[in-house]
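Asker: Sending over a structure as structure tokens; questions will come in a sec.
The values are calculated or read from the model by the stated rules, or taken from the named source; none is laboratory data. No experiment lies behind these values; they were computed from the predicted model shown. Backbone-built Cβ (ideal geometry, glycine too); neighbour counts: all protein chains shown. For accessibility, only protein heavy atoms count, side chains too; no ligands or nucleic acids. Shrake-Rupley method; radii C 1.70, N 1.55, O 1.52, S 1.80 Å.
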Amino acid sequence: MLRKWPDSRKAPDALLKLGYTQYALKQNSAARATLNEVMQKYPGSESAKLAGDRLHRVPASPSQ
């Protein structure tokens, strides 16, 4: 969806959920990258705020 409709109003939420899934799977490097991408692409959005909150819980050392 993100590739086909990158400007969709649902895009920030979809990217955020991808980051959440990566976090749940302990793919810490990927989760950090995805959550940072949400904050960069959609600053000021609710998704960016939630991404920042979750980012604080992702371990700094990569697991993958």
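Asker: In contact (Cβ under 8 Å) with a residue 24 or more places away in the chain and either open to solvent by less than 60 Å² (accessible area, probe 1.4 Å) or touching a helix residue (DSSP H, G or I) at 6+ places or on another chain (Cβ under 8 Å) (or both): is that true of G52 in this structure? Quick ask: steps written out before the conclusion?
Answerer: Working: in contact (Cβ under 8 Å) with a residue 24 or more places away in the chain: no; either open to solvent by less than 60 Å² (accessible area, probe 1.4 Å) or touching a helix residue (DSSP H, G or I) at 6+ places or on another chain (Cβ under 8 Å) (or both): yes.
No, not satisfied.
Asker: Of all the residues that make up region 22-49, how many are within 9 Å of the chain's Cα centre (by Cα) and open to solvent by 70 Å² or more (accessible area, probe 1.4 Å)?
Answerer: Looking only at that region, the number is 1.
Asker: Exactly one of (1) open to solvent by 60 Å² or more (accessible area, probe 1.4 Å); (2) modelled with pLDDT of 95 or more is unmet by R57. Its number?
Answerer: (2)
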